[in-house]
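Peer 1: One structure follows; several queries about it will come next.
All of the numbers you see were taken from the coordinates with simple rules; none came from a lab. Since the model is a prediction, treat every value here as computed from it, not as a measurement. With ideal geometry, Cβ positions are generated from the backbone for all residues, glycine too; neighbour counts draw on all protein chains shown.
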Amino acid sequence: MIIHYYRIKVIRKYVTLDKCLVLKHHHYLLYVNQVMIANRCMQDKVNGKTLRNELIKRMWEDVNNRLDKLYFIKRRKKYVMIQQLYSEFNAALFGLDEGLVTNDCILAGAIWRTILGMNEEKTDPIILELLVRYTRVQLISVGRLVLENATKYGLKANPIQWFENIFYEENRPLIYAALLTNLFALFSLFMERIFVFYLESLGRVTQENLPESSITFTPKSDGQLIHMLRFDSTPNEEYIFGWIWSTILLIMLFIPIGLTMKCDCNPYLLSILCLWYFVVFFKLYSYHQVNSWWRTQQVYNGYRKPTKKTNEQLELYQGETLRAWDPTRLILYPDNLTITNILRFIYLPTNCYQCNFPMKKSRNFTFMFRCFIEFIFLIELSCVLIQQWIIIPLEDRHFNPSETTVSQFLLQWSKMSLATITIWLLGFYCIFQSLANLMAEILCFADRHFYDDWWNSRTISEFWRRWNLPIHRWLKRHLFYPTLYQGYSHFQATFLVFIFSGIFHEYFVSVPLGRICIHFFFGMCSQILFEMLAKNIRSWHLANALVWLSLILGQPLLILLYYNDVINYN
């Protein structure tokens with residue numbers, strides 16, 4: 001195999017080589033297979049160190065040779081090819097991690113590459129050895145904690161009981177409250193139609209100034225369209241209508257609070273209801289705001305003449321997209337004020353309203369069934385883990401953080417970190433992968449970009465921008481940019497976004513518990529200081545490790561603090 005690799009090195013025409021070999025990704029397979037063979041030689045006490053070093057050296061030479069062949073290619077295609085080379089080489093390096101569980105040398109190499117950034121000059125061998133020992137202890141403790149929980153408590157979780165709780169008599173108000181959001185959506189449509197009728201009665205809206213195709217758009221390089229107009233003034237009617245509708249939306253958020261005070265509902269189901277009400281709040285606020293933008297441009301400020309007369313020239317406000325639409329079927333304001341339009345938007349996996357959404361022509365029923373099975377299974381598994389790993393241990397030990405020692409608190413904190421991060425990852429996949437794709441496939445929604453690679457985030461702000469794109473887009477569109485337009489600085493707008501996120505998370509937790517504790521609020525605000533600290537860290541690996549550390553340790557700490565408040569309150 002090494003001789004074959006030497007031959008690859010001197011071949012000039014890689015296209016000819018691609019045609020000769022049957023495997024599509026032959027470089028990738030060759031790298032991984034050879035590295036794992038070399039690693040197996042080392043595991044079996046065979047002299048494979050020289051083989052491994054020579055192989056990695058030839059890898060880098062091959063990368064450099066292939067880069068030399070790309071000088072005549074366009075920059076964009078060259079960047080894509082370089083990324084492919086990088087991914088192939090990384091895949092080969094990961095082959096060295098085959099013996100992570102059994103070989104400390106391989107584990108040290110993995111830690112050196114990922115956490116310490118492969119820096120030989122600044123790497124302290126003592127620190128590397130301590131990291132290896134700590135990682136080994138943690139790997140052993142994970143299995144020990146799972147085995148300890150199973151032997152001590154058994155399997156006490158009943159997944160079927162969680163679904164039965166939904167239909168209990170004391171939880172029926174939650175179902176009625178969830179259905180009530182449809183009435184709020186219809187009421188918002190009624191308010192918009194009434195306002196259009198009011199403008200028609202004043203002569204502001206006539207058949208001559210209703211929109212057809214006389215509004216221009218400004219294309220961006222990434223294929224998206226962004227609203228580029230700045231309105232000089234907004235009429236008083238829009239301000240008054242906006243304040244009235246904002247008040248109604250705030251009143252809607254008090255319905256779960258009333259259920260907490262009047263009914264003895266399941267707090268876990270009530271937290272899901274609070275989450276749904278806040279999602280509907282986001283959607284209806286965006287619905288009113290976008291319609292207000294259309295009215296302000298079309299009714300009050302007139303039109304801008306198109307630069308080119310085509311049937312595709314349409315102004316799409318605040319980052320609306322035009323990817324999968326047929327231009328002859330575009331819906332314009334006020335033709336979008338229909339029951340079908342708003343009810344479809346309520347259940348679409350997006351929080352930013354548009355008059356037109358990218359839609360598919362057909363449904364993939366196999367994919368729908370798979371997403372449905374994933375969603376049901378992950379919901380059941382999460383409920384079992386919550387009851388088995390969090391609720392039962394806390395109730396069995398009568399844990400009270402205010403009466404325990406520091407060592408006991410740290411022990412319970414470390415034990416809960418495994419459970420919370422596991423449940424959080426399951427919940428993320430359940431909501432943003434299974435449920436979001438299921439609803440998108442049912443409604444033929446074509447935009448499936450619900451999250452980015454948040455696991456590679458270097459800072460907390462980067463994590464919040466990537467892990468929940470529907471909420472991030474709403475905050476960016478309806479809170480961050482409007483704050484900047486009012487003359488505030490970037491830091492002030494960012495601080496306002498964190499404050500709003502803290503209020504949202506506190507509402508999600510405190511309302512089901514029936515007690516305001518503001519731990520989540522202060523936790524969100526403290527992340528601004530953590531953000532300033534992480535920006536000064538040059539090592540990407542260390543910064544990413546700190547982000548993961550905040551996720552692993554922050555969530556169990558908040559659970560213990562809230563549990564302490566509930567115990568003392570009761």
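Peer 1: Would you work out the charge dipole size for region 451-570 about its Cα centre, treating the Cβ of every Lys and Arg as +1 and the Cβ of every Asp and Glu as -1, and quote it to the nearest 20 debye?
Peer 2: My answer is approximately 300 debye.
Peer 1: Here's a follow-up. Treating the beta-carbon of each Lys and Arg as +1 and of each Asp and Glu as -1, no other charges, what is the dipole magnitude of region 402-521 about its Cα centre, to the nearest 20 debye?
Peer 2: The dipole magnitude comes to about 160 debye.
Peer 1: To the nearest 0.05, how large is the calculated FRET efficiency for Glu395 and Ile516 if R₀ is 22 Å and r is the Cβ-Cβ distance?
Peer 2: 0.40
Peer 1: Using only the Cα atoms of region 451-570, what semi-axes does the equivalent ellipsoid have when each is the square root of 5 times a gyration tensor eigenvalue? Give whole Å, largest first.
Peer 2: Each semi-axis is √(5λ); the values are 25, 20, 13 Å.
Peer 1: Can you put Trp389, Trp276, Trp294 in order, fewest other beta carbons within 10 Å first?
Peer 2: The most exposed by this proxy come first: Trp276, Trp294, Trp389.
Peer 1: Note the full-extension length gain between Lys262 and Leu179 as 0.36 nm times their separation in residues minus their Cα-Cα distance, in nm to one decimal.
Peer 2: Working: separation 83, 0.36 × 83 = 29.88 nm, distance 1.85 nm.
Taking Lys262 through Leu179 to full extension adds about 28.0 nm, to one decimal.
Peer 1: Separate question: Rank these for me by crowding, Val280, Val497, going from fewest to most other beta carbons within 10 Å. Before the final figure, lay out the partial values.
Peer 2: Working: Val280 22, Val497 19.
Taking fewest neighbouring Cβ atoms as first place, the list is Val497, Val280.
Peer 1: If I take all pairs of Cα atoms in region 521-560, what percentage of them are more than 13 Å from each other?
Peer 2: Counting every Cα pair in region 521-560, those more than 13 Å apart make up 57 percent.
Peer 1: With unit charges on the beta carbon (Lys/Arg positive, Asp/Glu negative), name the residue among Asn564, Trp540, Gly514 whose Cα is farthest towards the positive pole of the charge dipole of region 451-570.
Peer 2: Trp540
Peer 1: In addition: What FRET efficiency do you get for Leu381 and Leu202 if R0 is 35 Å and r is their Cβ-Cβ distance, rounded to the nearest 0.05?
Peer 2: With a Förster radius of 35 Å, E is 0.05.
Peer 1: Still on this structure: Taking the Cβ-Cβ separation of Thr340 and Asn165 as r and a Förster radius of 35 Å, what is the calculated FRET efficiency to the nearest 0.05?
Peer 2: So, using R0 = 35 Å, E works out to roughly 0.55.
Peer 1: State the extension gain, in nm to one decimal, for the chain segment bounded by Leu549 and Phe369, taking 0.36 nm per residue of separation less the distance between their alpha-carbons.
Peer 2: 61.2 nm
Peer 1: Within a 10 angstrom radius of the beta carbon, how do Asp453, Asp565 rank from fewest other beta carbons to most? Could the numbers behind the result be given before it?
Peer 2: Details: Asp453 8, Asp565 19.
Final ranking by Cβ density, sparse to dense: Asp453, Asp565.
Peer 1: Separation between the Ser489 and Leu533 pseudo-spin-labels, each 7 Å from Cα along Cα→Cβ, expressed in nm?
Peer 2: Placing both labels 7 Å beyond Cα along the Cβ direction yields 2.2 nm.
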